[in-house]
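Asker: Submitted below is the structure of interest, expressed as structure tokens.
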There are 4 protein chains.
Amino acid sequence: MDLGLRGKNAIVMASSKGLGFACANALAREGANVAINGRGEEAVKAAAASIKKNHDVNVIEIVADLTTDNGREALLAAFSEPDILILNGGGPPPTPFGKTDEAAWEKTLHDTLTSPLLMVQGVLDGMRARKFGRIVAITSAMVKTPHPVMVLSHAPRTGLTSVLKSISRETVKDNVTINQLLPERFETDRHRFLAQATADAKGISLEEVNAAIKTGLAAGRLGQPEEFGDACAYLCAAQSGYICGQNLMLDGGNYRGQA
Amino acid sequence: MDLGLRGKNAIVMASSKGLGFACANALAREGANVAINGRGEEAVKAAAASIKKNHDVNVIEIVADLTTDNGREALLAAFSEPDILILNGGGPPPTPFGKTDEAAWEKTLHDTLTSPLLMVQGVLDGMRARKFGRIVAITSAMVKTPHPVMVLSHAPRTGLTSVLKSISRETVKDNVTINQLLPERFETDRHRFLAQATADAKGISLEEVNAAIKTGLAAGRLGQPEEFGDACAYLCAAQSGYICGQNLMLDGGNYRGQA
Amino acid sequence: MDLGLRGKNAIVMASSKGLGFACANALAREGANVAINGRGEEAVKAAAASIKKNHDVNVIEIVADLTTDNGREALLAAFSEPDILILNGGGPPPTPFGKTDEAAWEKTLHDTLTSPLLMVQGVLDGMRARKFGRIVAITSAMVKTPHPVMVLSHAPRTGLTSVLKSISRETVKDNVTINQLLPERFETDRHRFLAQATADAKGISLEEVNAAIKTGLAAGRLGQPEEFGDACAYLCAAQSGYICGQNLMLDGGNYRGQA
Amino acid sequence: MDLGLRGKNAIVMASSKGLGFACANALAREGANVAINGRGEEAVKAAAASIKKNHDVNVIEIVADLTTDNGREALLAAFSEPDILILNGGGPPPTPFGKTDEAAWEKTLHDTLTSPLLMVQGVLDGMRARKFGRIVAITSAMVKTPHPVMVLSHAPRTGLTSVLKSISRETVKDNVTINQLLPERFETDRHRFLAQATADAKGISLEEVNAAIKTGLAAGRLGQPEEFGDACAYLCAAQSGYICGQNLMLDGGNYRGQA
């Protein structure tokens, strides 16, 4: 399926690894130039090299912390005319509500809600003027099923979702769509790291840890980052302009509520 | 993007025109063999001819009324090993709640809820045994925003959605996904027919009717059936196995609720 | 709190016991005359006697099967000017989707979707003309979290919900509100019967069965029918006219999705 | 209906007028002692006097800005053992997304999300230890239907909703329920002020302004603060302990989505 993305310019936040990288890689495979971003120079270089090796597109490396003004400016400067923006970023550590304090709230709301919104402001007018834009926010299945130990994560993400949904009804008339992808349980490096840590702590094998995790998943397996990247590429496609304001879960059917 | 559909067998209910045809055509373009269905022989033949002309796949013509046992059996017999089933069908005419009666309810619940479920029963065990299946139900944006004059349409569709959602949590472990597509305002033959009827009744031009319709749409335009077909093809893709139990709206961002 | 229900006439379907009885009893306590209904004469008489003993209101006994035309007519004839209608009824037995057949679907859709809608038709015009009406449907938490073994139950209930929601936007202007109550795990006679059956089958005590059930509930306890009856009475109150089209869960906080 | 609130202690944020006052007044009518709060001394005194005149309960006056540490501490000190907390507060002015900046986001997220959460932290452990608590957040219908010009309002409110929902699944086991009330279009002083301003600006009468507003409402009328207060009192009732994690809309049936 031709997604009509050849020559488009895509900014992908936090794309040196994990789901962000998978999105950048899928977009590059479809012919889009991509700006790769991360806080670590080595990881950014490696990610860029991997994409360049496999796909004949421009790859721009931006080492930057996107919770800072300078960081966002650097990434926004990657393309003078960006067509695609993928919102992504790490979340805060699990913290029970009773242990959160004003500083923790200020930080997570700034980093996970305000910062991505400032990125959106940086691209939106141009996209609307040029009559093409695709913005995809990578959030979390917890936007639909909030967990009490993850309040610092799902509060900003639901707030972000609400802003994006409301403005998307206005941007769609200029062929600028905004959608969210809600992942749950993908086999990223981070997943492997956490699973190995659990294995070490419990004195069991990585296979045993993963087996226990899979038992709790409706699909009986972890999601693969490539599947996620393809979903992102599809939402960014030229022919996806009538899909707007959607929360698409990639959770292997785990969610029990009406969709 | 390679959707991994080459050689798959797809049954598409009510596919001689409109959104059903668009789905069949997109699946065929991706290499799937398709069973085309409609109640009118001429329309089925024309749809099949169009697909065969453009795509090198097997196209099976099934003239049948799927609200009958014989009709469903005929369509289910199209492939011994179906991989894909697209649920589709016309809806009842607009009827205010006060004008509905027991017979109207019996008919619409049978035709729009029970009949598609019997089709699902006809393919589900085989798909699960073969560890691949993609079921997509074409419903309506009214599943999320029910309109009082369309009760005979959205009641069976929401009931169908509920059944499909609940069983999808079980089928996904066998790589059988079930999702819904919720269209609103696509430029199908039926749309054109209704718009022309409105134009004739009001003594205005078709262009004026369409202009008025577009004013009420967030996207400022009607959806194109090809966009819808591509969304269907994407949900049927090999790499879409982690998307299950979703209600994906194709409504040009019209829906005002949180997604 | 004065609910303004003195002298109102309330029809409560399936109210000889369980949640239906609790609703009738709460409405009677607030001064409403009530029509009590069940299929068994003895249970209807006992329920009516209990209400009359405690509350000084008119209590009408209607022994009738509401899935029949005669049954519905008998109950609708209880009051010439009904103010309140509580939709209620038993559900079909648990049946996996693969075991359902056309006859089972026809029966459950008729009994659990069409029949209550015909009851609504029987009261709606009068309520609107008199500028007061309160319709409350007792459905199930499964309207929000559909379970695969209960498809015959949640399919008609979600369809019913969709119809009621859509028409409620029109009736509210005449001070006729329509809302749903979604119970999960109340300590009714039926609950006790099923728990005792489980206890007998497993050779354990009723206390052990209930302890196991409570462990799975967020609230750590079963709901009491009186709590449910009071929720129903509140939704029927004169001052609840601005609450319309709501799905209020009474599930002890069990539901994990965003409310 | 006896709500079992006699002698309970209720903290009501921003309760010198409008919906907050209506909640405080309804709770006092049911016998609860109330702490009245506002930033203006005169309004707080007037509100307290009105409640004391009509209801025989303790009324504590707390003039305080709840977006400050001192303000929250002062209100939390009103009762050593609070049983009820009503979260309430003004929202930011309408601002299109493109006009928002980092400072505006920081302020609204602090004032409308973090501040109420810090109030919740101030009462939650005690309520859980004492096995009774009722927390009700007054949010907005925009939590379900976010409007693009109100992003600064609905973003923090949806985030707040997400936090409250997630923790409510844990608190309910200690008989501490947390619910939200989502109002739309109540006839408060603020509504009258804005309507008068519109009338003055357009050179038309207040009646004409209100008539235009009512035309757009499903109920054809504005909600009355007393109706809202009674809904709040009901959710705080002793017998409402099985209602938890709910978003109850008081919008006169305006919302078009499935409830």
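Asker: Nearest 10 degrees is fine. How inclined is helix B:41-54 to the longest principal axis of chain B, computing both from alpha carbons?
Answerer: 60 degrees
Asker: Copy-to-copy spacing for C:Thr68, label 7 Å out on the Cα-to-C-beta vector, in nm, shortest first?
Answerer: Spacings between copies for this position, smallest first, are 3.4, 7.4, 8.1 nm.
Asker: Give the lysines whose C-alpha is closer than 17 Å to that of A:Lys8, dropping any in the same chain fewer than 8 places away, or say none.
Answerer: Hits, sequence-local ones excluded: A:Lys52, A:Lys131.
Asker: Counting alpha carbon pairs within less than 8 Å and at least 6 residues apart, what relative contact order, in whole percent, applies to chain C?
Answerer: With pairs under 8 Å counted, the relative contact order is 21 percent.
Asker: Moving on to the next point. Please arrange B:Lys202, C:Lys214 by counting, for each residue, the other beta carbons lying within 10 Å of its beta carbon, fewest first.
Answerer: Ascending Cβ contact count within 10 Å gives the list B:Lys202, C:Lys214.
Asker: Okay, moving on. From the alpha carbon gyration tensor of the stretch B:107-259, can you work out the equivalent ellipsoid semi-axes (sqrt of 5 times each eigenvalue) and give them in Å, largest to smallest?
Answerer: Square roots of five times the eigenvalues give 32, 17, 14 Å.
Asker: For the protein assembly as shown, give the magnitude of the charge dipole about the Cα centre (Cβ charges: +1 Lys/Arg, -1 Asp/Glu; no others), in debye to the nearest 20.
Answerer: Roughly 0 debye for the protein assembly as shown.
Asker: Per residue of C:146-157, how many C-beta atoms from partner chains lie within 10 Å of its own C-beta, taken as a mean?
Answerer: 6
Asker: Nothing charged except the Cβ atoms of Lys and Arg (+1) and of Asp and Glu (-1): what's the magnitude of the dipole of the stretch D:109-210 about its Cα centre? Round to the nearest 20 debye.
Answerer: Using Cβ point charges on Lys, Arg, Asp and Glu, the stretch D:109-210 gives about 560 debye.
Asker: Regarding the stretch C:53-165, what is the average projected area of its C-alpha convex hull, in nm²?
Answerer: Mean projected area of the Cα convex hull: 8.6 nm².
Asker: Then there is this: Distance cut-off 20 Å, Cα to Cα: go down the list A:Lys144/B:Lys144; A:Lys165/D:Lys17; B:Lys165/C:Lys17 and report the pairs above it.
Answerer: The pairs that break the limit, which is 20 Å between Cα atoms, are A:Lys165/D:Lys17; B:Lys165/C:Lys17.
Asker: So which trypsin sites (Lys or Arg not before Pro) in the stretch D:1-49 are both in a DSSP loop and have at most 15 other Cβ atoms within 10 Å of their Cβ?
Answerer: Within the stretch D:1-49, the qualifying trypsin sites (Lys or Arg not before Pro) (loop, at most 15 other Cβ atoms within 10 Å) are D:Arg6, D:Arg39.
Asker: Next question. Beyond 35 Å, how much of the Cα-Cα pair distribution for chain D remains, as a whole percent?
Answerer: 12 percent
Asker: Which of C:Ile60, C:Ile213, C:Ile135 moves the most in a Gaussian network model of chain C with Cα springs under 10 Å?
Answerer: For chain C, modelled as a Gaussian network with Cα springs under 10 Å, the answer is C:Ile213.
Asker: Pairing the Cα long axis of helix D:206-215 with the longest principal axis of chain D, what angle in degrees results, from 0 to 90 and rounded to the nearest 10?
Answerer: 80 degrees
Asker: At 25 °C and a viscosity of 0.890 mPa s, what translational diffusion coefficient does Stokes-Einstein give for the protein assembly as shown, taking Rh as the Kirkwood radius over Cα pairs? Give it in µm²/s as a whole number.
Answerer: For these conditions, the coefficient is 82 µm²/s.
Asker: Any chance you could give the angle, 0 to 90 degrees and rounded to 10, that helix A:115-130 forms with the longest Cα principal axis of chain A?
Answerer: Rounded to the nearest ten degrees, it is 30.
Asker: Nearest 20 debye, what's the magnitude of the dipole of chain A about its Cα centre given +1 on Lys and Arg Cβ and -1 on Asp and Glu Cβ?
Answerer: 500 debye
Asker: Considering only the label points, 7 Å along Cα→Cβ from Cα, what distances in nm to one decimal separate C:Ala197 from the same position in each other copy, shortest first?
Answerer: 4.8, 5.0, 6.2
Laboratory data are not the source of any read-out in this text; all were calculated from the coordinates shown. This structure is a prediction, so every number in the text was calculated from the model and none was measured. Neighbour counts run over all protein chains shown; Cβ positions are idealised from the backbone, glycine included.
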